[in-house]
Each structure stands twice: as structure tokens, then as C-alpha cells.
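The values are calculated or read from the model by the stated rules, or taken from the named source; none is laboratory data. Just so it is clear, the structure is predicted and the values come from calculations on it, not from any experiment. For neighbour counting, all protein chains shown are included, and Cβ atoms are generated from backbone atoms with ideal geometry for every residue, glycine included. Side chains included, ligands, DNA and RNA excluded: accessible areas come from the protein's heavy atoms. Shrake-Rupley method; radii C 1.70, N 1.55, O 1.52, S 1.80 Å.
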Amino acid sequence: KHSSELAKLLEYLDAEYVFSKAVESRVTKLERSAEEDQRALAGMVESLLQDVKEMHLLPFASLFEAFPRLVRELARDRGKRVELAITGSEIEIDRRILEEMKAPLHHLLRNSVDHGFETPEARVQRHKPPHGTLSIAVSHREGNVELVIADDGAGIDVARVKAVAVRRGLVSASEAEALAEQEIVALIFRSGFSTSPIITEISGRGLGLSIVVEKVDRLGGTIAVESRPDAGTTVRIVLPLTLATFRGVLVRAGDQLFIVPAASVERVARIPATEVLTVENRETIAVGGQTLSLVWLSDVLELSRSSSESVDNVPAIVLGLAGDRIAFRVDEVVAEQEVLVKGLGRQLARVRNIAGATVLGSGEVVPVLNVPDLMRSAVSATVPRRVVRATENAAEAPKQSILVVEDSITARTLLKNVLEAAGYAVSTAVDGVDAYTTLKTGTFDLIVSDVEMPRMDGFDLTAKVRADKQLSALPVVLVTALESREHRERGIDAGANAYIVKSSFDQSNLLEVVRRLIS
């Protein structure tokens, strides 16, 4: 009996073994099939992603096609001769980046023609051909796109830039003296900076180049300028190929993960704690023979530190931007990976130090750091800030007074209403003689004047104001229908601070100019 039961048990085990082998074989086949399907799906997804990326791409030619005419008209208006050369226009980039770069490139071209090039006569005197050459070159660079806008004009006058920066209060005289030449050149990108002797529809507002920097920063790019006296100026802009994906370094600062764009990371290192030195109350490290400031990323982002300061090796990432390099101490360098970046929405369109966010495979949302912002925040975190005291009871300050000089009652009433609505006290005069008499009997902060008037026109009024010791510093804005280059140059010679053409008159344009001149 026992032997028969044992035989049945052995028979059952043999059957189970065969069945388990069959199941194992089927599972192996299913696993192999699933892996093949996964590879096939991964290929399809990658192909679809590539197709979607390509759908977003447009060649630079679509943006550049209007530039030759723009440069010709600008040069003719300024009495200059400029030839435009474009290379690499077939290179493609995300259409959203292309659209965002339209205004910045317009600003750069206008600035180059208006400030960079000399007149044909001046070029001949400097042994140059009478016509200048402005070039735009597009090329691929380490997975990004580089735009180089170069001219063979007069270059940037460093001494003049320094003087204007000090006069406009962008830096103090002592700070200006301590700046290196490249740092002085970089001041042209500050908001409010302009070397133009007069504000016109083309230049002088001090907004153009600061807008360029802001746009490039928001796109995750970098910008640098090089200049040589009498040899010209070169502006280099590096942009990502697409706004959708990019390579990023995942780091941890405090208890939070962050993505740093790999294009801005020059080096990732673990520095022995013994090599971290303190110089003038700042931590520094030596990297590649250069001494760099070492800043806690958590401090810059105003987060609490989580790791001990007494570790044997310090993890750090070295970020580079336009020739500047700063080392950021992090708690951990986790990995490098390709990430899909998402915007933060209109409500959070401009968050300091943050460019967007991405979602990791684990489902965790991680902020993407804005490197230009981060560099500026690091500098301000280590340099004592100058405190600017606001004027107390500003709301009770007396209104600034403006004299409007215009012979047309319609135009005079329009200008008066626009300025009074903006909070200015406005007086009026019907021509230059009436205006000069009014100036002698009252106190004003600015003059807004027409040019064509009986008895004394706007040019003569401006010249008379500049010749008067008591009135010589009074800002003068000419609002006129005369838009030729000769009339604008006559306004400059007379000493006007701004020249606004009536054909393109816009009240916000006028108010912005007035605020700049008497703020």
C-alpha cells in the first residue's frame, strides 16, 4: 500500500515538474516578447519625439529675411554705408526661441548701426573702406546654437562707457576705477545705460541691450561681448536648440533636488575640505590654476543647510557665464540626465533663480535653475549691498513742473492732458519767445517743445536755453513732424535731450522719455 502511494506521489511530482517547466518556458517567452515590445515601443516613442521636435524647428532664414532692408534703411537714415553678411541661416532652431529672439536681434542691429559704425568720411580718415560690414553668423556649438553679430566699426569706447555709467549712477566712481576692461564693457547691458547724446526712436533710451540680456536669460542662453578700438565689436549669443528638452545635472541642496543646465556646468568636482580656503571672509577653492569663490547653493537659494560642514570632501559644481566662473557647494551631485522642462505658468512667469520645472521618473517635481540669475544672486550674496534710502513722504512731494511749447492749440492741449494725467504740473507757451519769457519767471524741471513755431522755433529756443547759465542744465524734449536725419542732427547740435517724431508719437513713449530725463 505504501509503495503504491509513493508511486502515485512520484508520478504527481513528475507531472508537476513537467507543468512547472512548461509554465517557466511560457513565462520566459512572454518576458522575451515583452522586452521586444518595449524596445519597439521605445523606438517608436523616440521617433515620435524626434518628429515633434522637428515640427517645432524653423531655419534662421525665416527671421533674417527682413534684416537686409532694416540695415539699409537704418544706415541711410544715419548717413552711413553698411553691408550685411549672413551665414548659417539654414540652421534650424525651436520656433519659439526664434520668435523670442526677433526683438533682441533688432535691438542689436540698430545699436550696431547707430553706435558702432562711423560715417564714410570718418572711416576713410581711419584708413578703412567707406562702407562698413555687419555680419551675422549662425553655427552649432556643443549641442547648442551660437549667434555671432560682428561689425568692423569704431569699437566700444571704454572710457566713455565708464564716464556714462558713473554719471547715470549705475556704479560709483570708486567702483568704476576698480573694474577690469571687460567688466566695464559689460555695463552696456545694464538697464538705463546709453551713450547716445539724444533720445530718439532708434536709441538713447538705455533699454535695448538690457532687453537683449533679459530675453537671452529667459531662454536659458548666454551672451558675451568683445570689442577692440577701431576694429569693431562682436556679440556672441549661445542658445539651446529647443525649449523642450536639454541635458541637466541633478543636484541636491538642503533637502531639495534641483536641475542645473549642463551647458553652463564647466566642471563637477569633489574638493578636499583642507583645500577650501577663506580669503577676505569668503570661501575659495583653486580650480584649474584659478581661485574661485565657493558659495553654498542652499544659501543662495535661501534654504537651510542639511549636511555637516566638517565633511572630508566637498561636492561642488563650477558654473561659467560670459567669462565669469563661480563654484557652488552642493550636498550631493546625483546624476546627469536629459530632462523635459516645463514653464511655471503666467502667474509665476518670473521667479528669481528658477527657469522652470521638470518631472523625474519617480514623479517628483524638480525646479530647473536659471544660471544667469544664480550667478547674480551668488555675487550679491557675497558682496555687501548698498542701501538706497527712499525719500520719506514721497507721496507728499511736490509735482514736477513741465513747460509745453506748441503753437497749435490742438497739439498743445493734447500734450498738456497727457502730462497732467501722468501727475506732472504743466504750463504752456505758444512759441519760443513766449516760452523763454515764461522760463525767466518760473521754475521748471523740463521743456517739451515743438520745432516749427513763429518768432522763435524749437531749435533756437533749445540753443538759447543752453546758452543761459541759469537754464543750461534744463532737459529739452523736441516733439516735431520733422523726421529727417538733418533735422535730428540739428536737434543734437542745439543741445536737445530727446527728439520724438510726431508721425510715430505714442503717449507712453513720451512719458517714458520724460521719466528718464527728470527721475
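Restricted to strands (runs of 3 or more DSSP E) entirely inside segment 408-485, those with at least 3 residues that are over 28 Å from R78 (Cα atoms) are 425-429. Checking each residue in segment 1-45 for being open to solvent by 100 Å² or more (accessible area, probe 1.4 Å), modelled with pLDDT of 85 or more and over 60 Å from the mean Cα position of the chain (by Cα) picks out E24, R26. Given the condition loosely packed, with under 14 Cβ neighbours inside 10 Å and on the phi > 0 side of the Ramachandran plot, answer yes or no: does some residue in segment 118-132 qualify? Yes; the residues of segment 118-132 include at least one that is loosely packed, with under 14 Cβ neighbours inside 10 Å and on the phi > 0 side of the Ramachandran plot.
Select from segment 338-356 the residues that are in a strand (DSSP E or B), modelled with pLDDT under 80 and open to solvent by 10 Å² or more (accessible area, probe 1.4 Å) and list them in ascending order. Walk me through it before giving the result.
We begin by selecting, within segment 338-356, every residue in a strand (DSSP E or B); these are 338-340, 342, 351, 354-356.
Subset that is modelled with pLDDT under 80: 338-340, 342, 351, 355-356.
Within segment 338-356, E338, L340, K342, V351, A355 meet the criteria.
In segment 425-447, the residues that are touching a residue at least 40 places away in the same chain (Cβ under 8 Å) and surrounded by 15 or more Cβ atoms within 10 Å (Cβ to Cβ) never reach a residue that is acidic (D, E) and not in a strand (DSSP E or B) with C-beta atoms less than 8 angstrom apart, at least six apart or across chains. Would you mind stating whether R205 is more than 22 Å from G356 (Cα to Cα), modelled with pLDDT of 80 or more and either open to solvent by 30 Å² or more (accessible area, probe 1.4 Å) or assigned to a loop (DSSP other than H, G, I, E, B) (or both)? It is false that R205 is more than 22 Å from G356 (Cα to Cα), modelled with pLDDT of 80 or more and either open to solvent by 30 Å² or more (accessible area, probe 1.4 Å) or assigned to a loop (DSSP other than H, G, I, E, B) (or both). Just checking, does segment 67-83 include any residue being open to solvent by 50 Å² or more (accessible area, probe 1.4 Å) and of a type in the set (A, V, I, L, M, F, W, C)? No, that holds for no residue. Within segment 212-246, the set of residues being assigned to a loop (DSSP other than H, G, I, E, B), open to solvent by 50 Å² or more (accessible area, probe 1.4 Å) and over 21 Å from R352 (Cα atoms) comprises P229, D230, L241.
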